[in-house]
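The values are calculated or read from the model by the stated rules, or taken from the named source; none is laboratory data. Here the structure is a predicted model, which means the values were calculated and not measured. Note that we place each Cβ from the backbone using ideal geometry, even for glycine, and neighbour counts take in every protein chain shown. Side chains included, ligands, DNA and RNA excluded: accessible areas come from the protein's heavy atoms. Shrake-Rupley method; radii C 1.70, N 1.55, O 1.52, S 1.80 Å.
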Amino acid sequence: MKQRSDNIKLFHLKKFTIDSLIIFGVTVGLILLGEVFLRVFFPQTLSGIKITGETFSNRDDVLGMRYTPGARWQFMHPEYKVEYAINEHGFRDKKEHSIPKPKGTIRVLLVGDSFTFGQGVDYEQAWPVIAEKWFEEHDMRQIELVKAGIQGMDTRSEFLLIKELLEEYECDVIVIGFLVNDLYANSLYRIEQIGEKSIFNNSDSSGVAAENKTEEDHWLKTMRNVFVRNDRKSNFHLFTLAKRLAIASENLYCKLYLLSSSAEYLTVPLPQGPKQKLKITEILFKRIADYCQSKGKKLIVFSMPQQFQVLYLQQSFNSECIDVHYYDRHFSNMANQETFIWVAILNAFINNNTEHENMFYRLDGHFTPTGNEFVAENFLLKVLPFIEETTLIPKNKRE
């Protein structure tokens, strides 16, 4: 009887093991089948196809990345399909900027990251191009926008690009497109080599000098994480699809963001890491402002919101630890003491009556065509007056 009982137990154990393996195998098979199906028919990651140019962009040891002059590529994303064309100078700009600059021309150098570049939208839908078209339609063709946005740029790289382009294009005004994520990558790597004296020899450098030894390592890490990330082939499409379904809810999107490392940059008081990045960014803005002042140029920082900042306020989250207005308030106060202008449009997004979810691609995070139109509208409303003051353009031409 005991042997028979043992045999029965062994039989059930084997059956359970076999059934478990079958279930596991079927589950894995379905997952793999679903993954293959998505990769072939409904890819969930960004991919590019060349039209012209063997490469779309190339690594650059100074800026991090430069676009290939003359490149024309098509990019597919689950939320959009778009084509990017790069001009002979390495920028997404169809406007010809002749040198020497024609008499009476007011040239504005516009630098920024992917939000200024126009990621996810056609050229004519990008907010700088919409603003440019408005100038043409309102008899203000003397204002030219040199559109020098590059995906992945931060304040440090923008500073270096300004020094490279300002005199080359004979620009009169500099506008920097800023977002909170610029702080994530900001460093002082090679910055002290571009000025007359070391950054670390002035009073602004307290708490930063000790970090100078690791700036190069930080820069190399940024190069890998920011400019090489789209080369990865190991993205799991099923996971991305599940994420898309989850963050379709604005409330859940905000809750998941609050669990991410990015949330610490909006947490007050600031943790040590973000606090140090803030100090570095302060130094960068001061150096940019000093440089522009030395050249007799007006500097304007155009602060655009990230999706979380808008949705957080829209969803009426009430946390004493989160302050989505912190950097606009902080740098606006700094700008008042320095020689530059800070223009923020977060409140404009909050007070806008249209549907907020249409302003951003939920997964990608960049502005939709509607979002770009709204940014252009606020650029004309809030930044153009400062350009007018500088250039003495009659204000009645804006009416």
Kindly flag which residue pairs out of Lys94/Lys295; Lys95/Lys133; Lys81/Lys382; Lys133/Lys163; Lys255/Lys275 have an alpha-carbon separation exceeding 21 Å in this structure. Lys94/Lys295; Lys81/Lys382; Lys133/Lys163; Lys255/Lys275
Sorting check: for 155-163, 76-84, 27-35, which peptide has the highest mean count of neighbouring beta carbons within 10 Å, and how do the rest follow? 155-163, 76-84, 27-35
On full extension of the chain, what length is gained from Leu381 through Lys50, given 0.36 nm per residue of separation minus the C-alpha to C-alpha distance? 115.4 nm
Highest mean packing first, using Cβ neighbours within 10 angstrom, the peptides 125-136, 177-188 sort as 177-188, 125-136
Distance between modelled label sites at Thr105 and Lys243, nm, 7 Å Cα→Cβ extension: 4.3 nm
Percent antiparallel among DSSP beta bridges with both residues in the stretch 12-164, to the nearest 5? 70 percent
Once phi is turned into θ = phi - 60°, what whole-Hz ³J(HN,Hα) does the Karplus curve with 6.51, -1.76 and 1.60 give for every residue of the stretch 155-171, x standing for Gly and Pro? 4, 4, 5, 5, 4, 5, 5, 4, 5, 6, 9, 3, 7, 4, 9, 6, 7
Taking the dipole of the stretch 260-329 about the Cα centre (Lys, Arg +1; Asp, Glu -1; charges at Cβ), the one of Tyr291, Ser303, Ser319 that reaches farthest to the positive side is Tyr291
Kindly state, to the nearest 0.05, the FRET efficiency for His325 paired with Phe42, given R0 = 45 Å and r defined as their beta-carbon distance. 0.70
Virtual paramagnetic centre 7 Å along Cα→Cβ of Leu30, amide N under 16 Å, in the stretch 235-277: 238-239, 242
Long-range amide H partners of Ser303 with built H, under 5 Å: Phe178, Val343, Ala344, Ile345
Treat each spin label as a single point 7 Å out from the Cα along the C-beta direction, and report the Ser262 to Ser332 distance in nm. 2.3 nm
Provide the packing ranking of 113-122, 255-264, i.e. peptides ordered by the mean count of other C-beta atoms within 10 Å per residue, highest first. 113-122, 255-264
Along Cα→Cβ, 7 Å out, is where each label goes; now give me the distance between the ones at Thr17 and Glu137 in nm to one decimal. 7.4 nm
Probe radius 1.4 Å, ligands and nucleic acids ignored: give me the carbon and sulfur share of the accessible area of the stretch 32-122 as a rounded percent. 58 percent
